[in-house]
Amino acid sequence: MSRKKLLSIILVGIFAISILAGCGNSGTAGTSDASTIQNTSTAAAGSTQEPYTVKIVAYGDGSSDASSAVAAELSKQTKKLFNTDIELVKGYTVDQLNLILTSGEKLDLFPIMPWELSLATLAANDQIVAMDDLLKSNGADTLAAISENDWKCAQVNGKVYGVPMNKDKAKDTGFAMSKDVADELGIDYKSLTSFDKVEQALLTVKAKKPDIYPFVSSMGQNDLILPYDDLGDSLGVLENSLDKSTKVVDLYETDSYKKFVEMMWKWGKEGLIMPDATSNTDGSTTVLGAKKGFGFFAHFKPGVDNQASAEAGVPIVHSTINQPYSTTSMVNAVWSIPANSEKPERAMQVLNLLYNDPTASNTFINGVEGTHYVYTDNTKKVIDYPSGKDANSIGFSVFGWACPNQQITPVRVGDPTDLWSQLNTYNANATASPAKGFTWNNAKVLNEVTACQNVISKYKNGLELGALNPSEALPKFINELKAAGIDTIVAEKQSQLDTWLAAQK
Amino acid sequence: MKTNGKLIGTSKDKYLRYLPLYLMMIPGCIYLIINNYIPMAGVVIAFKKYNFKTGIFGSPFIGFDNFKFLFQTKDAWTITRNTLCYNLVFIVLGTVIAIIVAILLYEITSERYKKFYQTVILLPFLISIVVVSYLVYAFLSADTGFINKGIMKALGLDPVSWYTTPKYWPVILSVVYLWKSFGYNCILYYSTLVGIDKGYYESAEIDGANRWQKVLHITLPCLKPTISILVLMSISKIFYSDFGLFYQVPLNQGALFDVTNTIDTYVYRGLVQLNNIGMSAAASLYQAFVGFVLVVVANMIVRKYDNESALF
């Protein structure tokens, strides 16, 4: 009896101690991770800086094996130059990124896509650092490489918070579709230049090919292809960025929005939209690749068909409904340094390298030569997947446009060799919204913004994919937005825009 | 002297006797302190405009602004109503079904079947809610779902787009919840039933009681303490919703938010998707505060009726 008791005491004691030890360990692990104890013996002679690891989160899927291979290749270069190692994480979701940013986890560089995160909100929350001084001290090349107008788009409150990606800075919008299906049914894809013509094509598909969905969604969402300028966050917009009006309005109250959702509702009734479009968890190109869909609304840039076809695995073509236009949001997809970075200057060195050095940029975008890509010619201007591999088997998705600078890297087989100059011409020739360059600072109305976003998440996808009847849902949507304070946001945005416009003269 | 020594001796004995129990308490206490007490300091965020650079304590106070927004929109009303109503339904139906099934199980005499049914009814409880959400999707998918394709078609009814029609979801969620959880509660009640002295039933049989009378006059009164403790515990959690059930099962569909948004999903979305820590902290504090009041009130009521069943 007493031996049993003794044994239980000992066991309990051991258990308690092991728990305590467990806590202690995890506590110190957290801090040692933060202070980055690196193998100092390999420090290069070229740099006198202390060793540091720059942790980068990048856009697009990627296995951890592929990511660490890319990081290792990149580290070779950065180690020599800055005594810096690279840690690369791919395949984030917006929720994960938000958690990293709110929890204070170490992160040095990450991309801000305007449709995922708001530059203004992150800046207002002080979750990202202002870069002006960093650019002067550690990013002079980048500072010089980007035009004054583009820098303006990455500003909040007069301070630069990110380096704009050197990608398409304008978009034309329209209908993308499977070339095979269009050819089979004799649909002239170039001619689908209005919603009515698209509708006719969808009806043809529905009648002749009942086994595929005429119109598909992408991850439960639709691309709202109206030529509005979202002025940062779609709460208060310019209804048409192709005309000169600078009146800020609530997008969801506009006639063009009403017409769009009424059209989608009609399409839904006619059975043109895939069922359960709002809960579809596949991308639209995936659905087309599985030969289960015909087309979807999307926005375009030069070379986009080649890119989409590679993603889908079947040829994809598109028609243009709205001509190219450019807004701040097209430019302010940026790379930023979070406040969680311990050494923002070291992050800036790496960012500067990625923006200006062709080798580093190529590694970052396309991976390791031989493993993830091969050159197809001696001039090293065109690359392809290594033999036996394709987009799906190299271990990560290549999203060149989502990296700092794709224009200093080789193009892919199938792209025109002058793709980058085509892209720049396209950017330059697009109609600029009258508010291009204006950046919205939502600090004063953050709670209204959150409340409105709550309302939007309730109605937006359902309305835009024809799942909710606009005659009932749209008035409710508008009223709830009003209750949530959309008018306050619109008024604040209008006054900021007016101030900005006055300063431009 | 003598009495003194004896007193000291007994208290020492007491300590020694209970020492293993005290030691066993330590891990739990440490866990509670680290996990539940230290983070309580974070409630100040609800009254602040949170700034990530200056941190929790450096951010400026803004009074009740965060709460103002919660209550200015319909949100606060919707999420409170949903959380409370769903939980009330869950508590009432959940208890009734679990007791009925437990009694039925108790009445089964064949040991083999008893084991079989026990396992079968507990199984849903062990399935991850993410898997459950896809099981539900297999039933409700507009295109390929079993209900639209199998049942509605056979009955000659039009297919329903379940994931965009809020009015069905209170029923769907209740059914899913009950299916998933009744097994576990049932086992709790069943274990009480097993402990009932068989003598009661034997003497009741001698007196000529039928099965129904036995259930009504022996089984239910014996279950009363268990019922009141379990119900009280559920009431204390009435302001907390099953996050997985309300977030995963409706596939996070916006059109359904009116009937599927509870305090927990609201706080989660506010924090993770909208990035507004202040407002989600305010919603959480509201949840904790009202939940606390409810526990105290429920306990007061129980104490009035049956002092022994009260929690404190």
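The values are calculated or read from the model by the stated rules, or taken from the named source; none is laboratory data. Since this is a predicted model, take the numbers as computed values, not measurements. Cβ sites come from the backbone with ideal geometry, for glycine too, and all protein chains shown count toward neighbours. Ligands, DNA and RNA are excluded from the accessible area calculation, which covers all protein heavy atoms including side chains. Shrake-Rupley method; radii C 1.70, N 1.55, O 1.52, S 1.80 Å.
Remarks
- Any hit, the stretch A:443-459, residues being surrounded by fewer than 19 Cβ atoms within 10 Å (Cβ to Cβ), part of a helix (DSSP H, G or I) and of a type in the set (D, E, K, R): yes
- Any chance A:Ile478 is more than 21 Å from the chain's Cα centre (by Cα), at pLDDT 90 or above and β-branched (Val, Ile, Thr): yes
- Qualifying residue in the stretch B:258-270 (condition: more than 30 Å from B:Gly58 (Cβ to Cβ) and among the hydrophobic types (A, V, I, L, M, F, W, C)): yes
Here's the yes/no breakdown for (1) away from chain B (no Cβ under 14 Å); (2) of a type in the set (A, V, I, L, M); (3) assigned to a helix (DSSP H, G or I):
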{"site": "A:Leu122", "(1), (2), (3)": "no, yes, yes"}
{"site": "A:Leu134", "(1), (2), (3)": "yes, yes, yes"}
{"site": "A:Ser137", "(1), (2), (3)": "yes, no, yes"}
{"site": "A:Asp141", "(1), (2), (3)": "yes, no, yes"}
{"site": "A:Ala144", "(1), (2), (3)": "yes, yes, yes"}
{"site": "A:Lys152", "(1), (2), (3)": "yes, no, yes"}
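- Boolean, B:Lys68 is among the basic types (Lys, Arg), in contact with a Pro (Cβ under 6 Å, 6 or more places away or on another chain) and open to solvent by 30 Å² or more (accessible area, probe 1.4 Å): no
- Qualifying residue in the stretch A:227-235 (condition: in a loop (DSSP other than H, G, I, E, B), open to solvent by 20 Å² or more (accessible area, probe 1.4 Å), within 30 Å of A:Lys458 (Cβ to Cβ) and among the aromatic types (Phe, Trp, Tyr)): yes
- Considering B:Val231, B:Val176, B:Val194, the condition of being open to solvent by 30 Å² or more (accessible area, probe 1.4 Å), assigned by TED's automatic domain parsing to the domain that holds B:Val130 and under 18 Å from the mean Cα position of the chain (by Cα) is satisfied by B:Val231 alone.
- The stretch B:121-133 - residue that is surrounded by fewer than 15 Cβ atoms within 10 Å (Cβ to Cβ) and assigned to a helix (DSSP H, G or I) and, of those, nearest to the other protein chains (Cβ to nearest Cβ): B:Val130
- Residue match in the stretch B:109-119 (condition: open to solvent by less than 60 Å² (accessible area, probe 1.4 Å), closer than 30 Å to A:Ile486 by Cα and either free of Cβ contacts under 8 Å to residues at least 24 places away in the same chain or in the same structural domain as B:Leu173 (by TED's automatic domain parsing) (or both)): no
- Exactly one residue among A:Leu497, A:Leu481 is within 11 Å of another protein chain (Cβ to nearest Cβ) and part of a helix (DSSP H, G or I), and that residue is A:Leu481.
- Looking across B:Asn87, B:Asn35, B:Asn66, B:Asn82, one residue alone is more than 12 Å from chain A (Cβ to nearest Cβ), assigned to a helix (DSSP H, G or I) and farther than 30 Å from B:Thr192 by Cα. It is B:Asn82.
- Failed item in (1) more than 30 Å from A:Lys206 (Cβ to Cβ); (2) at pLDDT below 90; (3) of a type in the set (A, V, I, L, M, F, W, C), with A:Val334 passing the rest: (2)
- Residue in the stretch B:144-152 that is within 27 Å of B:Ile227 (Cβ to Cβ), open to solvent by less than 60 Å² (accessible area, probe 1.4 Å) and either in a loop (DSSP other than H, G, I, E, B) or more than 14 Å from chain A (Cβ to nearest Cβ) (or both) present: no
- Condition check for B:Gly94: among the small types (Gly, Ala, Ser), away from chain A (no Cβ under 14 Å), open to solvent by less than 80 Å² (accessible area, probe 1.4 Å) and out of contact with any helix residue (DSSP H, G or I) (no Cβ under 8 Å at 6 or more places or on another chain): no
- Qualifying position, being within 13 Å of chain A (Cβ to nearest Cβ) and not in a loop (DSSP other than H, G, I, E, B), among B:Val136, B:Val160, B:Val171: B:Val136
- Listed by first and then second residue, the pairs linking a residue in the stretch B:267-292 that is closer than 17 Å to B:Lys68 by Cβ to a residue that is open to solvent by 10 Å² or more (accessible area, probe 1.4 Å) and of a type in the set (Lys, Arg), with Cβ atoms under 7 Å apart and 6 or more places separating them unless they lie on different chains, are B:Gly278/B:Lys49.
- Residues of the stretch A:145-185 that turn out to be out of contact with any His (no Cβ under 6 Å at 6 or more places or on another chain), under 29 Å from A:Ser319 (Cβ atoms) and of a type in the set (A, V, I, L, M, F, W, C), as a count: 8
- Residue that is farthest from A:Asn356 (Cα to Cα), among those in the stretch A:71-98 that are open to solvent by less than 40 Å² (accessible area, probe 1.4 Å) and in a strand (DSSP E or B): A:Lys90
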